[in-house]
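First up is the structure itself, then whatever we jot down about it.
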Amino acid sequence: MAAGKKSGTVKVFLMIIEYYDLLGLFFGKHQYISSGKGKADIDRIMKQQHLFLVSSANLRVASPVWRKILDPDSRFAPLKTGSVNAKEYKQINIEGVDVKSLHIILSILHYCTENIPKEWMSSPNFSTLQPPILCFSILRDVALLVDQYDCVGITSHFASKWIGSGVGRRSWPSDPDYVEVGFEDWIFIASVFNRLGSAARVCNGIVKFVSKELIKEVCVNRRESRDLQEAKYYRWKEKRPGPRDDPNPTLVEKDTSPGNTEPIETRNCEGKLFELMEVSLEMVPEKILGFILDTRFSSGCRMLVPLYKFVQDFLNSEPTCQDTWLCKNKECSAIALGTLVQSLKEQGLQHILTQNLIEDQLLPLGRYSLQDLALKIKGLQMTTFQIHNAHMKMASDDFDNSVKSAVVVKTTIKPTGIQRSTLAYRDGPIFLRNDPDIYSAQSTAICPLALRLAKIKTDAKSLLDSVEGYQES
């Protein structure tokens, strides 16, 4: 069972009826009776405390956990007793649960299903004067309770509609899409209801898709704890206008996940403002969280290994090296190396310059995501010469210092007059800095160093796009 998060300090008292003909459920001052027997008016005991009158037979049938609790021969401590209208009942005390979610579960157990929400409602507000309304936080807590008490089967009639009507909505500012920052618990919800055949297909799809997004988006600080349960996780969230700058302010107030705290930092990307938010992955099942982090790590290493090999080969290459990917022009190579080193520092990848790094040391320190890493690699700049045949090994009878000839137009004085070098007639730029220029320039004018770096960038983007989410084997 997954570790749960407490929804507050609410106390719930289950008063156990030991006979079978009364199927009554009482909530606050309002009672829902399925058999018409035993009408009562149960007052709320005190603020933040709620009282349910339930059937022990129903609890035993629905949940092996409750069955053990109610078994007089079990190892659990004997149940306390409480009185309602001068009548004594066995009592189960539950703390830290969401009373709205427990209301839904107990209503199903006692066949009071006319008020059970069949799908998501437009408003997440809840009142004891109204039937429960389903929203993300309530559905998550329903999943937590049926997981805790091992009774997910009782929701089989409702689960597929709950899940199917709640996922993938993009009609902001109503119910957010299930990959929005702060809604990572969709993985837990889907993992619980996945045990039901009626909801298995859509639940598998949710787990696969959300885990894929987390592999790409979750930021982990390598300076912080590496323990799965103690580590802190972050995601970038686009800042949107509205109350508290959140697309669903009412849900946020109900949701106590760290993903709804103040932003840690902000950044501007392509004209959009993003905020770095701490998110909670505590409810993500351990095997899925392990898959997410392992895939994130291995994919990050696969992105950086080609870059690391390129940089190290470049730094350690000899002038006489015959590798085809090296530039034979010393001036071009020197400019390329200097600008690449500067760009690595600007992108926070200067550790790539260190020799003999092991795989675990390839990933940069600090908060970053796999997506961030791909952007860092994409942002690398290296300046080379864009001169026809300048990167080949030239014979001594060719014009010497071809790069200098391109930078400073030379004239050659001959008896017949002044003749300009052919390089003086160049119309385009002599420097190549941007990747798109590679595809517009003549192949013989492109430095092989630029071609190799461009391939590293392309492969990093392809690797990011090919990430697969978690699937049950």
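Some notes on this structure:
- Qualifying residues in region 198-212 (those that are surrounded by fewer than 22 Cβ atoms within 10 Å (Cβ to Cβ) and at pLDDT 85 or above) - the one nearest to residue 376 (Cα to Cα): 212
- Residue in region 337-367 that is surrounded by the most Cβ atoms within 10 Å (Cβ to Cβ), counting only those that are of a type in the set (Asp, Glu) and within 18 Å of residue 299 (Cα to Cα): 359
The rows are residues; the columns are (1) closer than 25 Å to residue 449 by Cβ; (2) at pLDDT 90 or above.
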| position | (1), (2) |
| --- | --- |
| 269 | no, no |
| 272 | no, no |
| 282 | no, yes |
| 285 | no, yes |
| 289 | no, yes |
| 292 | no, yes |
| 303 | yes, yes |
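- Note on region 79-104: residues that are buried (at least 16 other Cβ atoms within 10 Å of the Cβ) and either without any contact (Cβ under 8 Å) to a residue 24 or more places away in the chain or part of a strand (DSSP E or B) (or both) amount to 7.
- Residue check, residue 336 modelled with pLDDT under 95, part of a loop (DSSP other than H, G, I, E, B) and among the hydrophobic types (A, V, I, L, M, F, W, C): no
The values are calculated or read from the model by the stated rules, or taken from the named source; none is laboratory data. Fair warning: this is a prediction, and the values are worked out from it, not measured in the lab. For neighbour counting, all protein chains shown are included, and Cβ atoms are generated from backbone atoms with ideal geometry for every residue, glycine included.
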